[in-house]
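The values are calculated or read from the model by the stated rules, or taken from the named source; none is laboratory data. Not measured: the values here are computed from a predicted model. Please note: Cβ atoms are built from the backbone with ideal geometry, for glycine as well, and neighbour counts cover all protein chains shown.
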Amino acid sequence: MHLTPQQQTDIEAARQAAIEVLLHNAEGPFQGLPRTAGWGYPEPYTRDLMLSVLGVAVSGSDPLLRSTRTVLETLARNQTEHGHIPSLVHDSEDRGSSDTTPLFLLGTGIFRKVSGEPDFLHEAVEKALVWMSYQSPSDRFLVAQQPTSDWRDEQWVLGYGLFVNTLVYSYLRLLGHDARAESVRGAMSRFTVTGETLHLHEYEGLVVKYKPCYAFWSYKIHSSERFDLLGNSLAILSGIASPSRADDIVSWIEEECREMKKKGELTGDLPPNFFPFIYPGDPDWHGRYALYNLPGNYHNGGIWPFICGIYIAALVAAKRYSLAAEKLVALTEAIRISHSGKLRFGFNEWIKAQDGKPMGQDWQSWSAALYLYAAACVAEKRTPFFEEMRRVGEE
C-alpha cells in the first residue's frame with residue numbers, strides 16, 4: 001500500500017497532535033512528573049511512561065526528552081535497596097509489578113542511545129539487573145511473575161509470561177549482555193509443556209507446537225496458548241522470532257482477525273490485544289472478569305492503540321511494509337475517537353473490539369507516544385533501537 005497525499009497529511013496531523021498530548025501531559029500534580037493521561041490519570045505510572053520512551057525518543061522534542069530524563073532519575077532515586085523499580089515514579093512504597101523493573105532497564109537503555117550517555121544511571125541499572133537475575137524460579141534465564149502483576153492488572157499471567165520475557169531479552173541486548181540474551185531466547189524457543197507430567201530436567205519454553213506464535217505464559221505443566229499481541233509483537237521487533245517465524249506470525253494474526261470479523265467479534269482493521277477471548281465457563285475465567293474484563297473488553301481482547309503501534313513496528317521489522325502502512329492508516333482513524341466527541345484526536349486508552357467504541361481515558365500518554373513510534377517506523381522503513389538488536393541476534 002502506498003500512502004496517498006491525504007493519508008500522509010492525516011498522519012502528519014496525528015503526529016503533531018501526539019506531540020501536543022505528550023507536552024500537555026509532561027507535567028502533572030505529583031512532584032511535577034508527567035501524568036499518564038490528559039485528565040483521567042494524573043499519576044505518573046512507571047510502565048506507561050517507560051513504554052512511552054520509544055515515542056519520545058523519535059519525537060525530536062527537547063522538552064519531552066528532558067521530562068523523560070527527570071522520570072528516569074526519579075525512578076532511580078526511588079529504587080528499592082534490592083533493585084526493584086516502583087509502579088509509581090514518585091512512590092518508593094508502591095511495589096510489586098513484574099514489568100516495571102525490566103521496563104526501566106529498557107527505557108534507560110533507549111535513553112542512553114538518544115542522549116549519548118552510555119553510563120547514564122549506571123548504579124541504578126546494575127542494581128536493577130541484579131534484581132532481575134533473582135526473578136527466575138529455576139535460577140536460569142526466564143523470569144516468572146505473579147498474576148495481575150504486569151500491565152494486565154485485571155488478567156492472570158502465571159509463571160513465565162511472554163511479555164515480560166520479551167522485555168528481558170530486549171534490555172539485555174540494548175545493554176550489551178548478548179550471551180545472557182541468547183540464553184533467554186534459547187529458553188523461550190523450547191516448546192511449552194502441555195502434558196500432565198514434567199520430566200526431570202525438562203524446562204518450560206514459550207513456543208506453541210501447532211501455531212507460529214508464542215504462548216501467553218507457561219509454568220511447569222500449565223500454560224496458556226491464547227494469543228498475546230504485545231508479547232508476540234515484541235518478539236518480532238526484538239528478533240526473538242526468526243524472520244521466517246515473524247512472517248508466519250503476521251500472516252496468522254491477519255487470518256485470525258478476518259475470522260473474528262466474520263463472527264462479529266471484531267470490527268475495523270486493527271487486531272485486539274488478546275484472543276481468543278475468555279468467556280464465562282472457560283477454565284481460565286475468573287469471577288472478577290464479569291465486572292472489569294468482559295470478552296472483547298480491556299485486557300480480554302480490547303483494542304489498545306499503544307499495542308497497535310508496537311504491532312505496526314513489528315510489521316516493519318518483518319518487512320511487511322505495505323501492511324504496516326495500511327495499519328497505520330487504520331490506527332490514525334482509531335486515535336481520532338474520544339469519549340467527548342469534541343477532540344480532534346482522542347488518543348483513547350482502549351477500544352471495545354466488537355463495536356469500536358472508546359472505553360478508556362482520552363489523551364493517554366502511551367497511546368500518543370507509540371503512535372509517534374509507529375509513524376516513524378513506517379516513514380523510515382526501519383525500527384529505531386531494535387535494528388541492531390535483530391542484527392546481533394542473527395549473527
*Answer from Leu22, Leu65 - the residue that is modelled with pLDDT of 95 or more, of a type outside the set (Ser, Thr, Tyr) and touching a Leu at 6+ places or on another chain (Cβ under 9 Å)*: Leu22
*Taking the range 339-349 as the search range and keeping residues that are crowded, with 18+ Cβ neighbours inside 10 Å and in contact (Cβ under 8 Å) with a residue 24 or more places away in the chain, which one is farthest from Asp48 (Cα to Cα)?*
Phe345
*Look at Leu23 and say whether it is assigned to a helix (DSSP H, G or I), of a type outside the set (Lys, Arg) and crowded, with 21+ Cβ neighbours inside 10 Å.*
no
*Those residues that are touching a residue at least 60 places away in the same chain (Cβ under 8 Å), charged (D, E, K, R) and under 27 Å from Lys211 (Cα atoms), I need them from the range 168-192; list them, please.*
Arg173, Glu182, Arg185
*Restricting attention to the range 224-241, does a residue exist that is farther than 24 Å from Leu323 by Cα, surrounded by fewer than 20 Cβ atoms within 10 Å (Cβ to Cβ), at pLDDT below 95 and not β-branched (Val, Ile, Thr)?*
yes
*Specify the residue that is surrounded by the most Cβ atoms within 10 Å (Cβ to Cβ); the eligible residues are those in the range 177-201 that are over 14 Å from His222 (Cβ atoms) and at pLDDT below 70.*
His199
*Could you check, for the range 350-360, whether at least one of its residues is of a type in the set (Asp, Glu) and either in contact with a helix residue (DSSP H, G or I) (Cβ under 9 Å, 6 or more places away or on another chain) or buried (at least 21 other Cβ atoms within 10 Å of the Cβ) (or both)?*
no
*Restrict the check to the range 65-79 and report whether at least one residue is surrounded by fewer than 24 Cβ atoms within 10 Å (Cβ to Cβ) and under 19 Å from Gln364 (Cα atoms).*
yes
*If we scan the range 55-63, do we find a residue that is closer than 18 Å to Leu121 by Cβ and touching a residue at least 24 places away in the same chain (Cβ under 8 Å)?*
yes
_Answer from Leu88, Leu105 - the residue that is among the hydrophobic types (A, V, I, L, M, F, W, C) and more than 19 Å from Asn165 (Cβ to Cβ)_ = Leu88
*Cβ-Cβ below 8 Å, separation at least six or inter-chain, first residue in the range 73-85 and within 16 Å of Pro34 (Cα to Cα) and in contact (Cβ under 8 Å) with a residue 12 or more places away in the chain, second aromatic (Phe, Trp, Tyr) and crowded, with 19+ Cβ neighbours inside 10 Å: which pairs?*
Leu75/Phe104
